[in-house]
Amino acid sequence: MQSNKSAGFSILNLMVSITIIFVILGSLTTIQNQTSQYALNNQQERDSALLVAEFFSNLKDTTSCTSSLVNQSVDNQGTGNYSHPNQILKSDGVTPVIGVGQSDPSGRIQIQRLDLGDFVVDDVAIPTTGKAKLKILIGKRGTPLGPQTIMREVLLQVNRVNSPPYNLTSCYAIGGQQELWTKNTDGSIFYRGGSKGYVGLGTTNPTTLFHIVRQTGNGGDQSVALEQYNNDDDQNPLLAGYRARGTRTTPLPVQPDDEIFTFKSLGWDGTQWVNAAQISFRVDGPVAINQVPTRIDFHTLPPLSCCSSGLPGFVRMTIKSDGKVGIGTSTPTETLDVAGNIQASGCLRTGAATAAGVCVSDKRLKADIRPFLLGLDALMGFKPATFKYNGLGGHSRSKKSELGLIAQDVEKTAPELVIKTKLKLHPEDNTETEVKLVNYSALIYVAINSIKELYQRWSNDSQLKDEELISLEKEYQEVRDQIAELRDRMKETN
């Protein structure tokens, strides 16, 4: 009995094992079939891409495209109306290349139908010129996974008759199903890839409209070069930035302090990209027709950053719309306004004079040397005064009292130090008024001559006093001699 029980279990186990084996074999067969179908599907997708590339390669030739599609109806996009060409011809306009019902060399796909339509005009002023699509319905042979057909398309630049049935008169291909760059009739190109339309060079993951990534070790020159060759004096800019409020179809004027254009540099601090420096072009005042006053701000961050990674840092230098330059201040009141110390290793010149610094002064480098004679007489006419500028003549109004000279006073004794110029006292003036400037840098030479004159006067007076003293000493000695002689006579008399 025990032996029979054991035999029963063995038969049962054998049957279960056989069943499992058949299930496994069935599953393996299914997996193999699905793998084969998946591989076939991938091959057919690749075959379709190659087929579209062949269409594009031939249709980009105007003769081939026009000969193949001439007089075919090209209806408007959205109508759902398509014409159905049968074949594509070579550039000779005669020899067929591929057509409906034909298979590709692999035999895995077959062209089932060609649809021509979806016309979109380029310019409403020229209704006969625009873009259309040639859709290619491709049938899959065998038993692939998924749909049994593939729809691909080639984008065409076409000319057509401007009345139904809108027969095509000429064409050429400007983009295939996988072509992301499209050429316009004027030679310009546009990018039509992806929902964002981002373009990347050196990166497969662009995060901005135009994203360039440069990595060392890739070889070649990886800089960005902009070249222009032009014999005209007025050249178009190599790089231009445009800014308006509103939209492209309805632009609105920019407003004061709006950022028009910016060059920005960022550095990696170990955890994030930090704004290191930037050059900003900003609106610098009220905007009017043909007038957008603009300033240029130069920003940097200090060694110990005061600001978050998104802020532009401190404005180190500003060039205002009126030409005033501020260093250390964003509100310059003079042509050059420096808030802080200045260190120079060379020479500081103002107009025709040297103001300060270490300047070349070798006689061998100079010509037309003449003496400068203004001295004490001129200096005595100078009347230093404190004053405040009143804001006229484009000169900023003084916030506190300033020290200087009055040009009219200087002119009386030193007209050589007074320079005349013309300017508008008020911005709304129609004519310019003559005003007088003082060459302050020349005052040091007037002072030098004055000191020399004082020394000469002292020297002359000293010499005269010495001569008078010698004469007095001589007279004194003569008197002493006479007194001594009288004493001697008196002694003899006694």
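When each of A442, A378 is tested for being outside the structural domain of K324 (by TED's automatic domain parsing) and either under 25 Å from T335 (Cα atoms) or assigned to a loop (DSSP other than H, G, I, E, B) (or both), the lone residue that passes is A442.
Annotation for region 95-113: no member residue is more than 23 Å from G142 (Cβ to Cβ), modelled with pLDDT of 95 or more and among the hydroxyl-bearing types (S, T, Y).
From L301, L252, L239, L311, grab the single residue that is among the aliphatic types (A, V, I, L, M), at pLDDT 90 or above and more than 18 Å from G326 (Cβ to Cβ). Step through it out loud before you land on a result.
On the way: L301 fails: at pLDDT 90 or above; L239 fails: at pLDDT 90 or above; L311 fails: at pLDDT 90 or above.
When all the criteria are applied, what remains is L252.
Can D429 be described as under 39 Å from the mean Cα position of the chain (by Cα) and not assigned by TED's automatic domain parsing to the domain that holds P332? Explain how you work it out, then say what you get.
Numbers: under 39 Å from the mean Cα position of the chain (by Cα): yes; not assigned by TED's automatic domain parsing to the domain that holds P332: yes.
Taking the combined requirement at face value, the residue satisfies it.
Looking only at residues in region 79-90 that are hydroxyl-bearing (S, T, Y) and in a loop (DSSP other than H, G, I, E, B), the one that is surrounded by the fewest Cβ atoms within 10 Å (Cβ to Cβ) is T79. Go through (1) assigned to a helix (DSSP H, G or I); (2) of a type in the set (S, T, N, Q); (3) within 30 Å of L392 (Cα to Cα) and name the single condition T431 misses. Among (1) assigned to a helix (DSSP H, G or I); (2) of a type in the set (S, T, N, Q); (3) within 30 Å of L392 (Cα to Cα), the lone unmet condition for T431 is (1).
Give the residue, chosen from G101, G107, G93, that is surrounded by 13 or more Cβ atoms within 10 Å (Cβ to Cβ), small (G, A, S) and without any contact (Cβ under 8 Å) to a residue 40 or more places away in the chain.
Details: G101 fails: surrounded by 13 or more Cβ atoms within 10 Å (Cβ to Cβ); G107 fails: surrounded by 13 or more Cβ atoms within 10 Å (Cβ to Cβ).
The match here is G93.
Taking region 46-70 as the range and being surrounded by fewer than 16 Cβ atoms within 10 Å (Cβ to Cβ), within 18 Å of R113 (Cα to Cα) and not small (G, A, S) as the test, the residues that pass are L50, E54, V70. For beta carbons closer than 9 Å, sequence separation of 6+ or different chains, a first residue in region 241-262 that is within 13 Å of V283 (Cβ to Cβ) and not assigned by TED's automatic domain parsing to the domain that holds A288 and a second that is modelled with pLDDT under 90 and surrounded by 11 or more Cβ atoms within 10 Å (Cβ to Cβ), there are no qualifying pairs. One residue stands out among those in region 322-354 that are assigned to a strand (DSSP E or B) and touching a residue at least 24 places away in the same chain (Cβ under 8 Å): the one that is surrounded by the fewest Cβ atoms within 10 Å (Cβ to Cβ), which is T350.
Residues to consider are S163, S188, S170; find the one that is exposed (fewer than 10 other Cβ atoms within 10 Å of the Cβ), within 30 Å of Y82 (Cβ to Cβ) and at pLDDT 65 or above. Walk me through how you get there before you give the answer.
Working: S188 fails: at pLDDT 65 or above; S170 fails: exposed (fewer than 10 other Cβ atoms within 10 Å of the Cβ).
Only one candidate qualifies: S163.
Screening A385 with (1) at pLDDT 90 or above; (2) surrounded by 13 or more Cβ atoms within 10 Å (Cβ to Cβ); (3) within 27 Å of T335 (Cβ to Cβ); (4) aliphatic (A, V, I, L, M) gives one miss only, at (2). The single condition from (1) within 21 Å of G391 (Cβ to Cβ); (2) in contact (Cβ under 8 Å) with a residue 24 or more places away in the chain; (3) not hydroxyl-bearing (S, T, Y) that V446 fails is (1). Considering the conditions (1) under 14 Å from Q72 (Cβ atoms); (2) surrounded by fewer than 16 Cβ atoms within 10 Å (Cβ to Cβ), D115 is excluded by exactly one of them, (2).
The values are calculated or read from the model by the stated rules, or taken from the named source; none is laboratory data. This one's a predicted model, so the numbers in the text were calculated from it and none came from an experiment. Glycine gets a Cβ as well: all are built from the backbone with ideal geometry, and neighbour counts include every protein chain shown.
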